[in-house]
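Below is one structure, written out as structure tokens, with a few remarks after it.
All of the numbers you see were taken from the coordinates with simple rules; none came from a lab. These numbers come from a predicted model, not from an experiment. Because the Cβ atoms are built from the backbone with ideal geometry, glycine has one as well, and the counts that use them run over all protein chains shown.
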Amino acid sequence: MISIVGACIAVIVGVLMTINAAFMLASPRAWFHLPVWLRAQGSLTEDRYSSGWGAVQIRVTGALILGARAWVLYDMFLRR
Amino acid sequence: MLAVATDALAIWHGVSPDLAKCGRAPVRGVAAYSVIVSGNVTSNIPTIIAGDAIGGLVGGPPGAFAGAVFGSLFGVGGTASYVPSTKSLYAGPTLVFAPALGGGSGFSGNVVSVPAGQNPNAIANGLSYSVTFQPMPLLGSTVTKSPGSGPPVVGPSVGTRVPVSFGVSYNVRVKKGSCG
């Protein structure tokens, strides 16, 4: 039972991180406009991180998260 | 690539790669280690509502406002941790405190390296505490301590809880690996 709850948490964490990371990579400005229950922006502000160097940081962070997520899925299910 | 190199060094030193990976048999003359890949997502909506309610009971509308602001510093959510060397997955609830307005809502991903002699599965499983220094979203570091599992482990971190956050989580095993 408890492992089922854990599995649900793992799936939710994975899905939320993937959605956030995808928007961060594609468009930092669009990421800041996601619904509040979906957006995990933390203490980051749109003024500072939606353009210029701030947006670059957001895009790279999104790319790193997506890359890590893809590697984990590959290693867990495909790699022998 | 890293895993292949570690396997080769383990075999070269006459140690089973699986044992070396599990952190139970350090490879002689080699800094054998494994890693834990973790991610967590939290929301401060429940804590804002709770802070608003408690503050309102104590101090009326000003108290409710103060309570909501204080609640925004906390977040509840979940953590998922993967140990590549044993292909084990752990997950569980997490509570975060980030001393910045709205900091309780956010996510973070990190990779901590576990030195030889410590079992990464023991660290990923059960109760653990972490401190994450995140001066920039893509540059940060995290320190994780799991009671009864040896000294704290450290690694790089990316995330949105700038500049620092403190977390506690309790993970259970979701997927058992080869030696987890």
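Positive contributions from Lys and Arg (+1) and negative ones from Asp and Glu (-1), summed over other residues with Cβ under 13 Å from the Cβ of A:L16, come out at +2.
Counting only other chains, and only Cβ atoms inside 10 Å, what mean value do you get across the residues of B:155-165? Averaged over the peptide's residues, the number is 4. Averaged over the residues of peptide B:99-109, the number of Cβ atoms from other protein chains lying within 10 Å of each residue's Cβ is 5.
For the peptide B:65-77, the mean number of other protein chain Cβ atoms found within 10 angstrom of a residue's Cβ is 1. Contact order, relative form, for chain A: 35 percent (alpha carbon pairs under 8 Å, 6 or more residues apart, mean separation divided by residue count). Overall, the protein assembly as shown carries a charge dipole of about 580 debye about its Cα centre when +1 sits on the Cβ of Lys and Arg and -1 on the Cβ of Asp and Glu, all other atoms neutral. In the protein assembly as shown, the DSSP-assigned H stretches of four residues or longer account for a calculated mean residue ellipticity at 222 nm of -13500 deg cm²/dmol, using -39500 (n - 2.57) per stretch and the full residue count as denominator. Roughly how many Å is it from the Cα centre of region B:126-180 to that of region A:19-64, as a whole number? Region B:126-180 and region A:19-64 have Cα centres separated by 22 Å. An oblate overall shape is assigned to chain A, the ratio a/c of its alpha-carbon gyration tensor axes (a ≥ b ≥ c) being 1.5 or greater and a/b not exceeding b/c. Dipole orientation for the protein assembly as shown: of the candidates A:G6, A:G54, B:A68, A:G6 has the Cα lying most toward the positive pole (charges on Cβ; Lys, Arg +1; Asp, Glu -1).
Segment B:V69..B:M136, full-extension length gain: 21.8 nm, with 0.36 nm per residue of separation and the alpha-carbon distance subtracted.
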